[in-house]
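Visitor: First the structure, then my questions, so here it is.
Derivation of every value follows stated rules applied to the coordinates shown; laboratory data play no part. Predicted model only: the values in this text are computed from it and were never measured. A quick note on method: Cβ atoms are made from the backbone with ideal geometry, for glycine too, and the neighbour counts reach across all protein chains shown.
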Amino acid sequence: MDKERIIVKVEEYVRSYHATAEAGHNWWHIERVRNNAMYIYRYEKSGDPFIIELAALLHDIGDHKIDSEADGKGLVSELLGRLGVEDSITKHVTGIMKEISFRDSYGAAVSKSPGLMIVQDADRLDAIGAVGIARAFSYGGSKGNEIWVPGLEPSHFNSKEEYAGTKTTTINHFYEKLLLLKDRMNTVTGSALAKERHEFMERFLDQFFRECNLGKND
């Protein structure tokens, strides 16, 4: 199995698949997640780097934010089978895809493999910090969401159905998801990186509300 050739072919597939995706979920998001994952792997020294890289590249295939009708795991299984990837590796990659999403964290707890822990941390890191702020407003704008509505409080969810079915503002999204991610990281390396990005989001929100409330208390 020529792993380098497989990675190149998978990159080509992913670039094409994400060519028309909203800017927060396009190829550059995938590239950042791949870079995050391999960075975490170098420090954690856990898991199979080939599986981690494949899962990072393929994690958004069939994602509901890109194509709610696609069978992502089916597409990936067909692709990797065509490229000669062993079935055990394909099952590991599609297993990571199945559990990586934040909204799936509202379901039953799963036993996380080293690959899932690393790729999930890598994806969550791209949802926070400066990049996460940019992505949040890009995605919110693409869905026609309000930036902020005074008096509209963030929601608290008890299931992934509630999370997926509730329309929100972009600012409320910080409280409903983004600010929760720091304490849900899996690895020591991911947690350390998340702390700095979390603090940056807190500073951004402080500045946002100061600007929005200017003159109200004068």
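Visitor: With N set to the number of residues, divide the alpha-carbon radius of gyration of region 177-218 by 2.2 N^0.38 Å and report two decimals.
Guide: 1.55
Visitor: Something else now. So, with +1 on the Cβ of K and R and -1 on the Cβ of D and E, and no other charges, what is the size of the charge dipole of region 40-104 about its Cα centre, to the nearest 20 debye? Walk me through the numbers on the way to the answer.
Guide: Numbers: 8 positive and 13 negative charges, 37 e Å.
Approximately 180 debye in magnitude.
Visitor: Given an 8 Å cut-off on Cα distances and at least 6 residues of separation, report the relative contact order of the chain as a percent.
Guide: Relative contact order here is 21 percent.
Visitor: Starting from one equal scatterer on each C-alpha and no solvent at all, send me the Debye-based log10 I(q)/I(0) for region 14-54 at q = 0.26, 0.29, 0.34 Å⁻¹, two decimals.
Guide: Listed by q, the Debye log ratios stand at -0.82, -0.91, -1.08.
Visitor: Something else now. Using +1 at the C-beta of Lys and Arg and -1 at the C-beta of Asp and Glu, which of Ile66, Phe102, Thr169 has the Cα lying farthest in the positive direction of the dipole of the chain?
Guide: Phe102
Visitor: In addition: What does the extension gain come out to for Glu11 and Trp148, with contour length at 0.36 nm per residue minus their alpha carbon separation?
Guide: Gain on extension, Glu11 to Trp148, equals 45.6 nm.
Visitor: Once every DSSP H run of n ≥ 4 in the chain is given -39500 (n - 2.57) and the sum is divided by its residues, what mean residue ellipticity at 222 nm do you get, rounded to the nearest 500 deg cm²/dmol?
Guide: Computed mean residue ellipticity for the chain: -19000 deg cm²/dmol.
Visitor: Continuing with the same structure: Going toward the positive end of the dipole of region 3-212, with +1 on Lys and Arg Cβ and -1 on Asp and Glu Cβ, which of Trp28, Met38, Tyr17 do you reach last?
Guide: Of the listed residues, the answer is Met38.
Visitor: So, one more: Any lysines with Cα under 18 Å of the Lys65 Cα? List them, leaving off those in the same chain fewer than 8 positions away.
Guide: Candidates past the 8-residue exclusion: Lys73, Lys98, Lys143, Lys160, Lys167, Lys177.
Visitor: Size of the dipole of the chain about the Cα centre, Lys and Arg at +1 and Asp and Glu at -1 on the beta carbon, nothing else charged, in debye to 20?
Guide: Result for the chain is approximately 260 debye, rounded to the nearest 20.
Visitor: Moving on to the next point. Quick one: in region 3-212, what % of C-alpha pairs are over 31 Å apart?
Guide: Values: 3986 of 21945 pairs.
When every Cα pair of region 3-212 is considered, 18 percent fall beyond 31 Å.
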